[in-house]
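The values are calculated or read from the model by the stated rules, or taken from the named source; none is laboratory data. Quantities reported herein were computed from a predicted structural model and do not represent experimental measurements. Glycine gets a Cβ as well: all are built from the backbone with ideal geometry, and neighbour counts include every protein chain shown. In case anyone asks, the SASA skips ligands and DNA or RNA and just uses the protein heavy atoms, side chains included. Shrake-Rupley method; radii C 1.70, N 1.55, O 1.52, S 1.80 Å.
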There are 4 protein chains.
Amino acid sequence: MARPRNAATDLAILDATRAELVEKGWSKLTMAAVAERAGVAKTTLYRRWPGRSEMVVDAVAVLFDELELPDRGSLQSDIEGVVLSFASLMSRPEAKTALMAVVAESTHSPQLRDRIRTAVVDRQKRLVRQGRLRAQERGELPADRPDSAEDEQLIDLTFDVVAGAVVHRVLVSDEPVDEQWAAAFALLLVGGITAVSG
Amino acid sequence: MARPRNAATDLAILDATRAELVEKGWSKLTMAAVAERAGVAKTTLYRRWPGRSEMVVDAVAVLFDELELPDRGSLQSDIEGVVLSFASLMSRPEAKTALMAVVAESTHSPQLRDRIRTAVVDRQKRLVRQGRLRAQERGELPADRPDSAEDEQLIDLTFDVVAGAVVHRVLVSDEPVDEQWAAAFALLLVGGITAVSG
Amino acid sequence: MARPRNAATDLAILDATRAELVEKGWSKLTMAAVAERAGVAKTTLYRRWPGRSEMVVDAVAVLFDELELPDRGSLQSDIEGVVLSFASLMSRPEAKTALMAVVAESTHSPQLRDRIRTAVVDRQKRLVRQGRLRAQERGELPADRPDSAEDEQLIDLTFDVVAGAVVHRVLVSDEPVDEQWAAAFALLLVGGITAVSG
Amino acid sequence: MARPRNAATDLAILDATRAELVEKGWSKLTMAAVAERAGVAKTTLYRRWPGRSEMVVDAVAVLFDELELPDRGSLQSDIEGVVLSFASLMSRPEAKTALMAVVAESTHSPQLRDRIRTAVVDRQKRLVRQGRLRAQERGELPADRPDSAEDEQLIDLTFDVVAGAVVHRVLVSDEPVDEQWAAAFALLLVGGITAVSG
DNA sequence: CTATAATCGAGACGGTACGTCCGGTCTTGTA
DNA sequence: TACAAGACCGGACGTACCGTCTCGATTATAG
């Protein structure tokens, strides 16, 4: 009760973390370097996060909140838009290197898995819901059936398909996501959703 | 003229690497432990691979060669089959932890990116081609147009969608890929491909 | 402001160094073994000394401070005494193996040469000065001429002759320094000094 | 029986050893480097010497055979001469670094100690005997008493004093042996020997 | 004039230690 | 109490040599 933590310090640390990620990448990211860059002692880092991975998850999570779903007039266009902006996010070095790394770490740590899910995954499903709702308003998709588990599953499925395809294209196949690819993907997805929902 | 390298040593090392991956996971995998388990000196590892990542790529790559595409009678069923067997592969601890980790590392190393592409990605596209061919023989899909770049792109797209969705579901969303999910996914994908190709 | 170095650690390390020298000898002395024996991390060694040789010089230097020159009543006897006690020092395994080794190393390192000179050589010249002074008080030797470079050179010469002869006898010729040898040597040296100074 | 060893190879190896000693010093001298420099395989080295130390002793021993004792007309002058030529030998980098190093090693190896004694020490005592004989012929010293252990001991003592003083001056005290020092030393030694033998 | 057997070059190999780096904890003094 | 500074332990890193080994290829002698 004597002295409260300095809130600005958190931001400085997360900024420093992202900067180091850009310059060095995940495996060369050291706590000491982040601390020095943030003008902070190593102790302070460990007082706030249990380890490197958790800190990086938090540092990267905010990037995902920049994603939006502007109304481009059709489901097809909306998908194209979100694919392109997600791809551009995944092309930023601090995002691509960190995301895969923490996912890798998470395979041996349930705590980390939870942190990723709450900080990244769940927060972005909103985009799928929003796009679906908008398409229903436009009459492109039928309205949700009340309490339908199938509808809920379709949302999850759509999320994994969109996010997975983009991540795989960019990071594993190592090919660019350009407008042409986004269009082809959106066409495929709309076709599939229509077939399933129709 | 000089003493040749022992070919069996390579196999012993890669076996040891996979075993250590299962027990310790990527971040606790040490060269010394792999060497000891393989009954080999650390030097020998470094004589054959430039680093941990490259060695792990080679160790994991062979797992992907186990994937097959048995003829289950329809495109929909074929997709369900490959999704399930791929998901079962991605659930093996040595595959999931290693794959994400090397992809993360690869974001800062073109050499590693190439190695992943040739050792893993390119080798598995055969499954997509094979499934497509079979569907065409069954009359489920129209035949390829000669020298069509579009057909080629559709193959790549399909590959990223299938592999990406499964990987994302298993590793990021952290949800199981069961028969129900495989069926829903296959339905969506067949719908999309039909719409696009029709 | 920051945490200060633990002074007791220095002593523990030097003790461990001497113990390892006794058991293993110079060429089998490893930093890791010293660290473990001292209950200290290897890092701590390197934080305090640039390398093995420097550490060993410091570890051995204190042994030389044990040397004394008890008044045995005559120059001849004083020399016999110091020769015997120096020889007994040079027979201790930690001294003999270490001293020659660091001298060997020093031939390629001016820094090390300086360290040896200040830590060992200069500190022991006091014995020669003391013995000379005592002999002068007894009237065995004429008093120093003021500001005489010759007197100073004679001190250095005596030091090299005494120390050199003992070291060479023990380490190179590999013969024991017993009372008989000490007496013969002292006789020779007193004869020489008297001839020169007379 | 079948094929004899190439004798020229021995010389090439010892030459290479000395050259490496000059350039790198003892502690940076590697068997691989010597082998390459001699145009020879590492195996060949180990076929001829049990280890580095033994090889270096042989490489350096020949240097000592260059020492001679030209007749300069008096015991005093003869001593000055041998001191200067021995000092010039001890100033050569391959000799100084190697000699101390093998002596250090020898403290833990009787075999090595023997090799040093036969290859270096015993071979050089001839110089003392020769100088003594010459001084006796000149009438500077009384003739040997038959079967006198004392005379024998005086030879050994003289050897240790001369060699020890020079080595200590050059390597430990790190001061030059010039004509002035040689003269002062010779004066001291002649005084001592005369007093003892008188 | 072979054939036979040791020598030789090259370099892979199992080891051991190196000196460095980093993670995470701890101990100081200052604010 | 929070914090900066940095010492500290532990442990892995990638490198360098060691001394041994396995290879073919190359001789010099014995048959």
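Rounded to the nearest Hz, the phi-derived 3J(HN,Hα) couplings of the stretch C:49-63 under the Karplus curve 6.51 cos²θ - 1.76 cosθ + 1.60 (θ = phi - 60°) are 9, x, x, 4, 4, 4, 4, 5, 4, 5, 5, 8, 4, 4, 4, where x marks glycine and proline.
Under a model in which nothing but the beta-carbon of Lys, Arg (+1) and Asp, Glu (-1) is charged, the protein assembly as shown shows a dipole of about 440 debye around its Cα centre. Taking A:E152, A:E140, A:E54 in turn, the Gaussian network model of chain A (Cα-Cα springs below 10 Å) assigns the largest fluctuation to A:E152.
Think of it as helices only: each DSSP H run of n ≥ 4 in the protein assembly as shown is worth -39500 (n - 2.57), and spread over all residues that comes to -22500 deg cm²/dmol at 222 nm. The amide H of D:L141, built 1.01 Å from its N in the peptide plane, has D:Q136 as neighbours under 5 Å, considering only residues 5 or more places off or on other chains. In the protein assembly as shown, with Lys and Arg counted as +1 and Asp and Glu as -1 at Cβ, which of these residues, D:S85, C:S74, B:A104, has the Cα nearest the positive end of the dipole, that is, farthest along it? In the protein assembly as shown, that residue is C:S74.
Projecting the Cα atoms of C:L154, A:V177, A:V56 onto the charge dipole of the protein assembly as shown, computed from C-beta unit charges around the Cα centre, puts A:V56 farthest toward the positive end. Each copy carries a label point for D:A183 at 7 Å from Cα along the beta-carbon vector; from one copy to the others these points are 3.7, 10.2, 11.3 nm apart, nearest first. Using a probe of 1.4 angstrom and keeping all protein chains present, the accessible surface of the stretch D:7-48 works out to 51 square angstrom per residue. Placing a label point 7 Å from Cα along the Cα-to-Cβ axis, A:A143 is separated from the same position in the other copies by 4.9, 12.4, 13.9 nm, shortest listed first.
Set the Förster distance to 22 Å, then compute FRET efficiency between A:S91 and A:Q180 from the Cβ-Cβ distance, nearest 0.05. Efficiency, rounded to the nearest 0.05: 0.85. Ignoring lysines fewer than eight residues from A:K125 along the same chain, the ones with Cα atoms less than 25 angstrom from its Cα are A:K96, B:K96.
Between C:D65 and C:I155, the contour length at 0.36 nm per residue exceeds the Cα-Cα span by 30.5 nm. Expressed as a fraction of 2.2 N^0.38 Å, the value expected for a compact globular protein of N residues, the C-alpha radius of gyration of the stretch B:7-48 is 1.03.
For the stretch D:58-198, the Kirkwood estimate of the hydrodynamic radius, built from every pair of different alpha carbons, is 15.9 Å. B:E80 sits among other residues whose Cβ lies under 13 Å from its own Cβ, and their net charge, with Lys and Arg +1 and Asp and Glu -1, is -3. Solvent-accessible surface (1.4 Å probe) assigned to A:H108 amounts to roughly 90 Å². Roughly speaking, what % of Cα-Cα pairs in the protein assembly as shown are separated by over 44 Å, rounded to a whole number? The proportion of pairs with Cα distances above 44 Å equals 52 percent.
The mean number of Cβ atoms from other chains found within 10 Å of a Cβ in peptide B:150-163 is 4, as a whole number. Once the Cβ-Cβ distance of C:D114 and B:R123 is raised to the sixth power relative to R0 = 45 Å, the FRET efficiency obtained is 0.10. Spin-label pair D:D10-D:R72: with each label point 7 Å from Cα along the Cα-Cβ axis, the two points sit 3.5 nm from one another. Backbone phi angles across the stretch C:181-198, fed through the Karplus curve with coefficients 6.51, -1.76 and 1.60 (θ = phi - 60°), yield HN-Hα couplings of 5, 4, 5, 4, 5, 4, 4, 4, 5, 4, x, x, 4, 4, 4, 6, 7, x Hz in residue order; Gly and Pro are listed as x. Using alpha carbons only, how many degrees (0 to 90, rounded to 10) separate the axis of helix C:149-167 from the longest principal axis of chain C? Taking the Cα atoms of chain C, the angle to C:149-167 is about 60 degrees.
Between helix A:122-138 and chain A, what is the angle of the helix's C-alpha long axis to the longest principal axis, kept within 0 to 90° and rounded to the nearest 10? That helix lies at roughly 20 degrees to the long axis. The 3J(HN,Hα) values that the Karplus relation (6.51, -1.76, 1.60; θ = phi - 60°) gives for the stretch A:88-105 are, in residue order, 5, 5, 6, 8, 6, x, 5, 7, 5, 5, 6, 4, 5, 5, 5, 4, 4, 4 Hz. Gly and Pro appear as x.
Rounded to the nearest 20, the Cβ-based charge dipole of the stretch B:7-48 about its Cα centre (Lys and Arg +1, Asp and Glu -1) stands at 140 debye.
Approximating the spin labels as points 7 Å out from Cα along Cα→Cβ, the D:Q130-to-C:Q136 distance works out to 4.1 nm. Relative to the Cα centre, the charge distribution of chain B, modelled as +1 at Lys and Arg Cβ and -1 at Asp and Glu Cβ, gives a dipole magnitude of about 980 debye.
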